[in-house]
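Peer 1: Have a look at the structure that comes next, please.
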Amino acid sequence: MSTLTPEELEERLGDPADDTNPYGFAAAVARDERDEFPEELCAELVRAGFHRNYLPKEWGGAFESFDRSLTLVRSAARRDVNVMPGTMFSIIAATCLQLHGSVEQQQRAAEILRSGGAVAFALTEAAHGSELLTNEVRLTPESTLTGEKWLVGLGLRGEAVYVVARTGERGPGAFSAVLLETDRIPEGRLERVPAPRTGGMRGIDLATLRFHDTPVPEDALVGRRGEALEVAVKAQQAVRLMSMAGSLGIADTAVRIALDFATGRRTGRTALVESPWSKRELSVAAAALLAADAAALSAARGVHVVPEAFSVWALSAKHVVAEATDDLIRRSGTVLATRSVLREGAPGAGLFQKLQRDSQVVRVIDASTLANLRSYAGQLPTLTEGTAPADEDAVHSVFSLDAPLPPYEPARLDMFARGQDPVLAGLPDTADALPDGLGEAA
Ligand SMILES: Cc1cc2nc3c(=O)[nH]c(=O)nc-3n(C[C@H](O)[C@H](O)[C@H](O)COP(=O)(O)OP(=O)(O)OC[C@H]3O[C@@H](n4cnc5c(N)ncnc54)[C@H](O)[C@@H]3O)c2cc1C
């Protein structure tokens with residue numbers, strides 16, 4: 001099956017500004033008002049094969065490269081970022097299974113995901129957040145699960161769930177993973193209830209999972225005991241990467257709504273878009289969007305070229321994109337003024353206020369801001385003291401958008417950069433090659 005392109009997707013979903021379009025802005029605002037899952041939109045995306053964009057070809061997917069997937073998802077997220085949780089939350093469980101699942105487990109997951117189903121990922125616990133080493137959900141020696149996970153994406157509807165549970169007492173090696181098929185769990189042993197509702201991305205399926213001595217079949221253990229946390233931390237890099245597509249989709253629509261408004265609105269005889277202050281705010285917002293796109297696209301290409309150092313790339317790109325998105329939403333909002341807070345009768349059918357809330361949720365989908373920055377800062381000494389020589393070919397592959405990319409190899413992802421970043425080492429030469437003055441900031 002051929003790969004879906006953003007252009008085909010746009011054509012298929014129709015004009016987002018058409019208030020009667022079930023896949024447009026007005027429909028997204030209406031769903032938000034009702035806390036409603038985007039059933040119809042996601043079903044259409046599944047019919048179009050959109051949900052296969054991150055699945056490897058061996059799984060019957062359409063994945064080619066992360067830069068292509070990022071661009072496709074970004075274009076869908078411009079209408080409603082909820083399409084991402086709606087169709088892609090399983091990316092983390094899928095990546096974990098690619099990294100250490102048995103052939104049978106991979107085949108089963110592929111079967112579920114190809115048909116538009118979901119494999120949920122249950123790691124986070126309310127009491128522990130980013131302090132994963134203190135998580136309590138336990139896989140007992142009698143092979144039962146006990147405890148509670150929260151904010152499990154697609155946890156209410158998932159056909160299977162990948163659970164990270166404690167099997168030891170201390171340290172990162174104290175956690176193992178199991179893959180459970182929900183319809184094989186005996187009645188009453190797994191309670192799935194809606195998680196606390198969110199202010200943005202309303203209506204997406206987030207669950208609290210309560211394990212009541214849930215029996216775990218022998219073949220449910222994924223990989224070896226003790227390796228689950230390492231695998232989960234590696235797989236989170238893929239989520240971090242694709243979450244940027246969500247931020248960019250939101251950011252793109254925010255800037256467009258503000259620009260459209262400023263083009264049509266006049267103050268006196270001057271179009272708002274020409275008045276100095278609005279012009280500056282919109283210019284900076286558009287520049288922030290370009291910068292965010294450049295960071296995300298470089299990261300999406302970088303994961304193919306230097307996966308060993310991607311633990312740093314994912315964190316830094318995500319931070320840049322989240323901050324740039326916040327900044328440009330604020331600037332666009334000041335131009336829209338009152339219309340930035342209206343839930344109806346405003347540009348984009350009142351979508352802007354939803355974009356503001358959605359953006360705050362994307363920011364914490366994988367980790368809180370500080371946890372993200374801490375992981376980044378912790379790796380800086382290795383990077384700055386590393387002795388890896390610059391690799392011109394690697395620099396070219398990442399930053400020349402028409403350069404071919406090597407295949408994505410998740411097995412080469414690492415938890416921490418270990419001093420090997422031949423692209424970063426190429427930065428001084430690249431800066432020197434820039435025209436006078438431009439390279440000084442680097
Ligand atoms: C839409 C959505 C979908 C999600 N989907 C899933 C899912 O499918 N599966 C899943 O398992 N989880 C999921 N999550 C949970 C997500 O991973 C957590 O929200 C994320 O890890 C942040 O957790 P936290 O804010 O509770 O905790 P923390 O990151 O611990 O933050 C709490 C506070 O502690 C501070 N803090 C954290 N670490 C430190 C430190 N070392 N030193 C000082 N201060 C610190 C932070 O700055 C913050 O102020 C989802 C969340 C959302 C919003």
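Peer 1: Identify which of Asp32, Asp183, Asp18 has the largest mean-square fluctuation in a Gaussian network model of the chain, with springs joining Cα atoms closer than 10 Å.
Peer 2: Asp183
Peer 1: Please list the non-local residues whose amide H lies under 5 Å from the amide H of Phe416, H modeled 1.01 Å from N, same-chain partners needing a gap of 5 or more.
Peer 2: Correct list: empty.
Peer 1: Then there is this: Explain nothing, just the number: dipole magnitude of region 153-227 about its Cα centre with +1 on each Lys and Arg Cβ and -1 on each Asp and Glu Cβ, in debye rounded to the nearest 20.
Peer 2: Around 380 debye, computed over region 153-227.
Peer 1: If you take the C-alpha gyration tensor of region 1-82, multiply each eigenvalue by 5 and take the square root, what semi-axes do you get, largest first, in whole Å?
Peer 2: Whole-Å semi-axes of the equivalent ellipsoid: 24, 13, 11.
Peer 1: Largest first and in whole Å, give the semi-axes of region 190-305's equivalent ellipsoid, each being the square root of 5 times a Cα gyration tensor eigenvalue.
Peer 2: 46, 21, 8
Peer 1: Then there is this: When DSSP assigns beta bridges and you keep just the ones with both residues in the chain, what percent turn out antiparallel, to the nearest 5?
Peer 2: 85 percent
Peer 1: Expressed as a fraction of 2.2 N^0.38 Å, the rule-of-thumb size for a compact globular protein of N residues, what is the C-alpha radius of gyration of the chain?
Peer 2: Expressed relative to 2.2 N^0.38 Å, the Cα Rg reads 1.00.
Peer 1: Whole Å is fine, so just give me how far the alpha carbon centre of region 204-263 lies from that of region 6-64.
Peer 2: Result: 18 Å between the Cα centres.
Peer 1: With springs only between Cα atoms under 10 Å apart, run a GNM on the chain and tell me which of Gly171, Gly264, Gly158 wobbles the most.
Peer 2: Checking each option, the largest mean-square fluctuation is seen for Gly264.
Peer 1: Okay, moving on. Thinking of region 90-210 as a set of Cα atoms, what percent of all their pairs are more than 26 Å apart?
Peer 2: Of all Cα-Cα distances in region 90-210, 17 percent exceed 26 Å.
Peer 1: Here is a further query. Using only the alpha carbons, work out the radius of gyration and Dmax of region 230-433 in angstrom.
Peer 2: Using the Cα atoms of region 230-433, the pair Rg, Dmax is 19.4, 61 Å.
Peer 1: Whole Å is fine, so just give me how far the alpha carbon centre of region 398-424 lies from that of region 141-200.
Peer 2: Their Cα centres are 32 Å away from one another.
Peer 1: When you count, for each residue, the other Cβ atoms within 10 Å and take the mean per peptide, how do 56-67, 75-86 rank with the highest first?
Peer 2: Ranking, from highest mean packing down: 75-86, 56-67.
Peer 1: If you place +1 on the Cβ of every Lys and Arg, -1 on the Cβ of every Asp and Glu, and leave all else neutral, what size is the dipole of the chain about its Cα centre, to the nearest 20 Debye?
Peer 2: Rounded to the nearest 20 debye, it is 1120 debye.
Peer 1: Regarding region 370-422, what are the three Cα extents along the principal axes, ordered largest first, in Å?
Peer 2: That gives 35, 23, 20 Å along the principal axes, largest extent first.
Peer 1: Between Arg412 and Thr140, what FRET efficiency follows from the Cβ-Cβ distance if R0 is 25 Å, with the result rounded to 0.05?
Peer 2: 0.15
Peer 1: Continuing with the same structure: Fully extended, how many nm does the chain gain between Arg330 and Arg357 (0.36 nm per residue separation, minus their Cα-Cα distance)?
Peer 2: Taking Arg330 through Arg357 to full extension adds about 8.5 nm, to one decimal.
Peer 1: Return a whole-number percent for the relative contact order of the chain, with Cα pairs under 8 Å and 6 or more residues apart as the contact set.
Peer 2: 15 percent
Peer 1: Of the options Ile365, Pro422, Ser397, report the single residue whose Cα projects farthest towards the positive end of the charge dipole of region 358-423 (beta-carbon charges: Lys, Arg +1; Asp, Glu -1).
Peer 2: The one lying farthest along the dipole's positive direction is Ile365.
Peer 1: Further question on the same structure: Show the residues, 5+ positions off or on another chain, whose built amide H is closer than 5 Å to the amide H of Ala195.
Peer 2: Leu206, Ala207, Thr208
Peer 1: What are the DSSP H helices in the chain that stretch 15 Å or more along their long axis, judged by alpha-carbon atoms, and whose average Kyte-Doolittle hydropathy comes to at least 1.0?
Peer 2: Taking the DSSP H segments of the chain (at least 15 Å long, mean hydropathy at least 1.0), we get none.
Peer 1: Modelling each spin label as a point 7 Å along the Cα-to-Cβ direction, I'd like the Asp183/Arg170 distance in nm, to one decimal.
Peer 2: If labels sit at Asp183 and Arg170, their model points lie 4.5 nm apart.
Peer 1: Could you tell me the calculated FRET efficiency between Ser130 and Asp213, based on Cβ-Cβ distance and R0 = 35 angstrom, to the nearest 0.05?
Peer 2: Efficiency at R0 = 35 Å is approximately 0.80.
Peer 1: Next up: Along the charge dipole of the chain, pointing to its positive end and built from +1/-1 on Cβ of Lys, Arg, Asp and Glu, which listed residue (Ala349, Phe89, Thr3) has its Cα farthest out?
Peer 2: It is Ala349.
Peer 1: With a cut-off of 17 Å, note down the residues of region 179-197 whose backbone N falls inside the zone around a label point 7 Å from the Cα of Glu111 toward its beta carbon.
Peer 2: The answer is 179-185, whose backbone nitrogens lie closer than 17 Å to the label point.
Peer 1: Stretch Glu39-Ala390 to full length: gain in nm at 0.36 nm per residue minus the Cα-Cα span?
Peer 2: Between Glu39 and Ala390, full extension yields an extra 121.6 nm.
Peer 1: For Leu427 and Ala271, what is the calculated FRET efficiency with R₀ set at 45 Å and r taken between the beta-carbons, to the nearest 0.05?
Peer 2: Efficiency at R0 = 45 Å is approximately 0.65.
Peer 1: Placing +1 on the Cβ of each Lys and Arg and -1 on the Cβ of each Asp and Glu in the chain, which of Val306, Pro407, Thr208 has its Cα farthest towards the positive end of the resulting dipole?
Peer 2: The Cα lying farthest towards the positive end belongs to Thr208.
Read-outs throughout are calculated quantities, based only on the coordinates presented, and are distinct from any laboratory measurement. Just so we're clear, the structure is a prediction, and the values are computed from it rather than from any experiment. Cβ: placed from backbone, ideal geometry, glycine included. Neighbour counts: every protein chain shown.
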